[in-house]
Amino acid sequence: MALLDQVPDLTETEHQILTYAIWWHDAVYDATASDNEAKSAEMAKRDLRDFDISLHGRDEVARLIRLTAGHAVEEGDRLGEILVSIDLSILGAPDERYDEYAKAVREEYAHVPDDAWRTGRAKVLQRFLDAQVIFPDPAFAQWLEVQARANLSRELASLS
């Protein structure tokens, strides 16, 4: 929530929607599954019926959660840009913190053999590095982009 609280010019409703999206975006997480975000989005829509949020707001929370599956955001989707940037913010962490994250990701995927892990992880890292920007929100890009690219490049090199 600390990162969200630093985002300027959000309405109360936008802040609430993003807060719920952050809370629920990894509510369902299974490293062997490919539908975590979809299941988390449906859980959020169901659970949020008990909260003070409109049907439109619940649908928006679910939409935002689904964006975290591929981290692709259409230009002009400010809430999507913010949520995806917050979700990816670990990529721009200081070296030591990023290295801890990378180690934890490998542990989550311990069921994947080393060769397949290196190949798959390298593709993921390269996809981020090939992107024009990693963080779709301009403020996050300005703040974290350089460090994220350094972290991703360093991890990619370690996979060789």
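Descriptive notes on the structure:
- Scope region 9-22; condition open to solvent by 80 Å² or more (accessible area, probe 1.4 Å) and free of Cβ contacts under 8 Å to residues at least 12 places away in the same chain; matching residues: Asp9, Glu12
- Residue in region 113-130 that is open to solvent by 60 Å² or more (accessible area, probe 1.4 Å), within 20 Å of the chain's Cα centre (by Cα), of a type in the set (Val, Ile, Thr) and closer than 24 Å to Leu67 by Cβ present: no
- Leu159 meets each of the listed conditions (1) closer than 27 Å to Glu81 by Cα; (2) touching a Lys or Arg at 6+ places or on another chain (Cβ under 7 Å) apart from (1).
- Flag not set for Ala131, criterion: more than 30 Å from Ile17 (Cβ to Cβ) and aliphatic (A, V, I, L, M).
- Restricting attention to region 85-110, the residues that are without any contact (Cβ under 8 Å) to a residue 12 or more places away in the chain and hydroxyl-bearing (Ser, Thr, Tyr) add up to 1.
- Given (1) touching a Phe, Trp or Tyr at 6+ places or on another chain (Cβ under 9 Å); (2) open to solvent by 60 Å² or more (accessible area, probe 1.4 Å); (3) of a type in the set (Ser, Thr, Tyr), number of the condition Ser40 does not satisfy: (2)
- Candidate set from region 110-123 (those that are part of a loop (DSSP other than H, G, I, E, B) and of a type outside the set (Gly, Ala, Ser)); member that is farthest from Ala157 (Cα to Cα): His111
- Of the numbered criteria (1) buried (at least 16 other Cβ atoms within 10 Å of the Cβ); (2) modelled with pLDDT under 95, the one Gly70 fails is (1).
- Meets criteria (open to solvent by less than 70 Å² (accessible area, probe 1.4 Å), modelled with pLDDT under 95 and either aliphatic (A, V, I, L, M) or assigned to a helix (DSSP H, G or I) (or both)) for Ala33: yes
- Residue that is modelled with the highest pLDDT [pool: residues in region 1-14 that are assigned to a loop (DSSP other than H, G, I, E, B), within 19 Å of Ile90 (Cα to Cα) and of a type outside the set (S, T, N, Q)]: Val7
- Each residue in region 124-137 was checked for being part of a helix (DSSP H, G or I) and out of contact with any helix residue (DSSP H, G or I) (no Cβ under 8 Å at 6 or more places or on another chain), and 3 pass.
- Scanning region 50-58 turns up no residue that is surrounded by 15 or more Cβ atoms within 10 Å (Cβ to Cβ) and closer than 18 Å to Leu88 by Cα.
- For region 73-85, filtered to residues that are more than 17 Å from Ala131 (Cα to Cα) and open to solvent by 10 Å² or more (accessible area, probe 1.4 Å), the residue that is farthest from the chain's Cα centre (by Cα) is Gly76.
- In region 15-30, the residues that are among the hydroxyl-bearing types (Ser, Thr, Tyr), over 10 Å from Leu48 (Cβ atoms) and in a helix (DSSP H, G or I): Thr19
The values are calculated or read from the model by the stated rules, or taken from the named source; none is laboratory data. If you're wondering where the values come from, they're calculated on a predicted model, not measured in any experiment. Virtual Cβ from ideal backbone geometry, glycine too; neighbours counted across all protein chains shown. Accessible surface is based on the protein model in full, side chains and every heavy atom, while ligands, DNA and RNA are left aside. Shrake-Rupley method; radii C 1.70, N 1.55, O 1.52, S 1.80 Å.
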